[in-house]
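First the structure, then my questions, so here it is.
Please treat every number below as a calculation from the coordinates, not as lab data. Please read these numbers as outputs of a predicted model, since none were measured by experiment. FYI the Cβ positions are ideal-geometry reconstructions off the backbone, even for glycines, and counts take in every protein chain you see.
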């Protein structure tokens, strides 16, 4: 009976948090009192696919988990400075106070820190490679998986016994389906690779990183919903929830993800909380058929595939466009090559090989249509005339979907352009010099460029490209003109050296005012570029460093390598997205970039006439690494509840996620409500 006063007090405090019949709410306290800025996580396996919803406590430790699907939930608390609380059963409509557990010591608390904080314990080794080269070689790993998660910071016993940690590392990087690539990258560091062994030795001896800051301010208004989809071996997911030009299209409808390693499109029906799969057809020969054995999967060829689907988007008809291999890469159509009558091939032939082409899935019929392309299709966007634009190395291409729907003729509906600078300054593109030739002031000049990330300026329709080479520095603009390819005209911009401490460009996106945003993978930076400020646009000096006045830098806060300079961030921003339509809930033209080593989105947003930055963290399960995203409006009259910003867990190695082997990737919906207690 002595415990009854405490129980009654607990029930009274929970009851002070207003909830609806489909909510769970209460107060989180620990031995130190109310816990502000910690996460409350509700998870269930009773729905057709595993589901979780995550919220953050307010400054008094209060929380509301809103609008939960009817099920029994396991609820627990996670937060920096804590260890996970015991899971407590609960149902929607229940008031539930939760007891947080203060970590007994720093190492226990650090178990839930993001990978980038654990990596900050590594020192940059001195040797033949410069500090910057070591950083770039390390960040090359992030494209596939995190560095600093449990799998990488601890030497697994199932790898066997070795004379030293360095010997274990030398073996560790050779195993699994990407072993040859990892091993080659590791060997490039020579003797300096011992820094990895020293790092894991220090962690094994008890070292742990400083704590990240808890969510604060607007970060506490975040609501995260996530559903399991795809397979435990599925790598790399891009997401499409709507037509980005009209984000209310496909309201409340299915969300689609291209799953590269599994030859499938993953599908989530958020109304039914159900995940399914669609097999992507292909006539291409299989790849990754002879990969090294995995310590997790043995000799199973988990990445063997033919279609290799990567990027996905949705058109105004609700059709799903996915880049995929429909044929052997070497079988480039004749109309792409030198000597063809096609005007684009005459101007700039694309002899191939072409890694991927295009498939269109129609949910109404359940049928796929294939489109052979001369360019290697990857990331893409629709323009306002119905063309879908793709980037590849040294060219940008497009499919005119209006023409294709009428003719089903791949040749007649596609085009492409190289990047030729107007270096003679006459306003048109005529005879040019090649990239390996010196610039002739009497001629124009073609440049080589990457276009992993592409974007379309909503103001003037120009196309913008950003590469992903580890030392790439370019931002390229291509205006198609009235009669492409003859009227295609390019411009190239490079940040001034003082605004680019470490090279390595990434994604690109453009806001509703035409301001261009580009994230940098080498440094933890987001750069904006305003072409309207440029004094020079063409001529012999317009070769990159001619518009320093156009660039503004926003630096992501976060840890650095131990003892390293400010630019030695352990983060990596992967792609850039612009929320032009306030689908997230932070306002229009908010800039987001997935930090693949930090379980988060980095946000740059206008607020009170200034630009401010936020971190939107996914605390559970550890291992969130975002690539593409898709904002959708389900009900414009429903406030924050009618909007959502969709992304996914997109590592190549879902078995690195918290939960280990058997854990599936997740599709994730982000919403920002007005307050942490909005219901």
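How far, in degrees from 0 to 90, does helix 4-15 lean away from the longest principal axis of the Cα atoms of the chain, to the nearest 10?
Approximately 30 degrees, to the nearest 10.
Moving to a separate point now. Calculate the tail of P(r) for segment 221-298: the fraction of all Cα-Cα distances greater than 15 Å, expressed in %. List each step's numbers first, then the result.
Details: 1999 of 3003 pairs.
Looking at segment 221-298, the distances longer than 15 Å represent 67 percent of pairs.
Another question about this same structure. Got a sec? How would 201, 149 order by Cβ neighbour count within 10 Å, fewest to most?
Ordered by Cβ neighbours within 10 Å, fewest first: 201, 149.
Can you list, largest first and rounded to whole Å, the semi-axes you get for segment 193-238 by taking the square root of 5 times each eigenvalue of its Cα gyration tensor? Don't skip to the end; give the middle numbers.
Values: eigenvalues 198, 114, 18 Å².
Whole-Å semi-axes of the equivalent ellipsoid: 31, 24, 9.
So how compact is the chain: Cα radius of gyration and Dmax in angstrom?
Cα-based Rg and Dmax for the chain come out at 25.4, 95 Å.
Along Cα→Cβ, 7 Å out, is where each label goes; now give me the distance between the ones at residue 300 and residue 552 in nm to one decimal.
Going by the 7 Å Cα→Cβ label model, 5.0 nm.
While we're here: Would you calculate, for the chain, the mean residue ellipticity at 222 nm contributed by helices, counting each DSSP H stretch of 4 or more residues as -39,500 (n - 2.57) and dividing by all residues, to the nearest 500?
Value at 222 nm, helices only, nearest 500: -3000 deg cm²/dmol.
Please say if segment 547-679 is rounded, prolate or oblate, where rounded means a/c under 1.5 for a ≥ b ≥ c the square roots of the C-alpha gyration tensor eigenvalues, and otherwise the choice is prolate for a/b larger than b/c and oblate otherwise?
oblate
Here's something else I'd like to know. State the Cα centre-to-centre distance between segment 52-97 and segment 214-257 in whole Å.
When both Cα centres are located, 21 Å separates them.
So for the pair residue 384, residue 133, with labels modelled 7 Å out along Cα→Cβ, what separation do we get in nm?
Each label point is offset 7 Å from its Cα along the Cβ direction, giving 4.8 nm.
How much FRET efficiency would the formula 1/(1 + (r/R0)^6) give for residue 487 and residue 607, where r is the Cβ-Cβ distance and R0 is 35 Å, rounded to 0.05?
Rounded to the nearest 0.05, the efficiency is 0.30.
Kirkwood hydrodynamic radius for segment 511-571: how many Å is it when counted over pairs of different Cα atoms? Mind showing how you got there, number by number?
Values: mean 1/r = 0.0745 Å⁻¹.
Final number for the Kirkwood radius of segment 511-571 is 13.4 Å.
Working out 0.36 nm times the residue gap between residue 251 and residue 370, then minus their Cα-Cα distance, what length gain in nm do you get to one decimal?
Going from the current span to full extension adds 40.2 nm.
Let me ask something additional. Assign one of three labels to segment 115-204, namely rounded, prolate or oblate, based on the Cα gyration tensor with a ≥ b ≥ c the square roots of its eigenvalues; rounded applies when a/c is under 1.5, prolate when it is not and a/b is larger than b/c, and oblate otherwise.
Judged from the Cα gyration tensor, segment 115-204 comes out rounded (a/c under 1.5).
Suppose R0 equals 30 Å. What FRET efficiency, 1/(1 + (r/R0)^6) with r the Cβ-Cβ distance, do residue 185 and residue 111 give to the nearest 0.05? Spell out each step's value before the answer.
Working: r = 28 Å, r/R0 = 0.92.
It comes out at approximately 0.60.
Which log10 I(q)/I(0) values does segment 330-430 give at q = 0.14, 0.17, 0.21 Å⁻¹ under the Debye formula, counting every alpha carbon as one identical point scatterer?
Taking Cα atoms of segment 330-430 as identical point scatterers yields -0.57, -0.81, -1.15.
Expressed in nm to one decimal, what extension gain is obtained for the pair residue 442 and residue 409 from 0.36 nm per residue of sequence separation less their Cα-Cα distance?
Full-extension gain reported as 8.0 nm.
If you don't mind, there's one more thing I want to ask. For residue 317 and residue 32, calculate 0.36 nm times their separation in residues minus their Cα-Cα distance, and state this gained length in nm to one decimal.
97.1 nm
Starting with the highest mean, order 86-94, 510-518 by the number of other Cβ atoms within 10 Å, averaged over the residues of each peptide. Walk me through the numbers before you get to the answer.
On the way: 86-94: 15.1, 510-518: 20.3.
Packing proxy ranking, top to bottom: 510-518, 86-94.
Where a ≥ b ≥ c are the square roots of the eigenvalues of the C-alpha gyration tensor, would you call segment 290-370 rounded, which needs a/c under 1.5, or, failing that, prolate if a/b is larger than b/c, or oblate?
oblate
Sticking with this one: To the nearest 10 degrees, how steep is helix 194-204 against the longest Cα principal axis of the chain, on a 0 to 90 scale?
The two axes meet at around 20 degrees.
Sticking with this one: One-quarter of the Cα convex hull surface for segment 176-256, in nm²? Spell out each step's value before the answer.
Numbers: hull surface 42.4 nm².
Across all orientations, segment 176-256 yields a mean hull projection of 10.6 nm².
What's the ranking of 176-183, 403-410 by average number of surrounding C-beta atoms within 10 Å, highest first?
Descending packing order for the listed peptides: 176-183, 403-410.
Among 29-36, 394-401, 416-423, how do they line up from the highest to the lowest mean number of other beta-carbon atoms within 10 Å?
416-423, 394-401, 29-36
Let me ask you something else. In Å, the Kirkwood hydrodynamic radius of segment 463-535 over pairs of distinct alpha carbons?
Working: mean 1/r = 0.0771 Å⁻¹.
Taking the inverse mean of 1/r over all distinct Cα pairs, segment 463-535 comes out at 13.0 Å.
Give me the tail of P(r) for segment 36-137 as a percent: Cα-Cα pairs with distance above 17 Å.
Numbers: 3206 of 5151 pairs.
Percent of Cα pairs beyond 17 Å in segment 36-137: 62.
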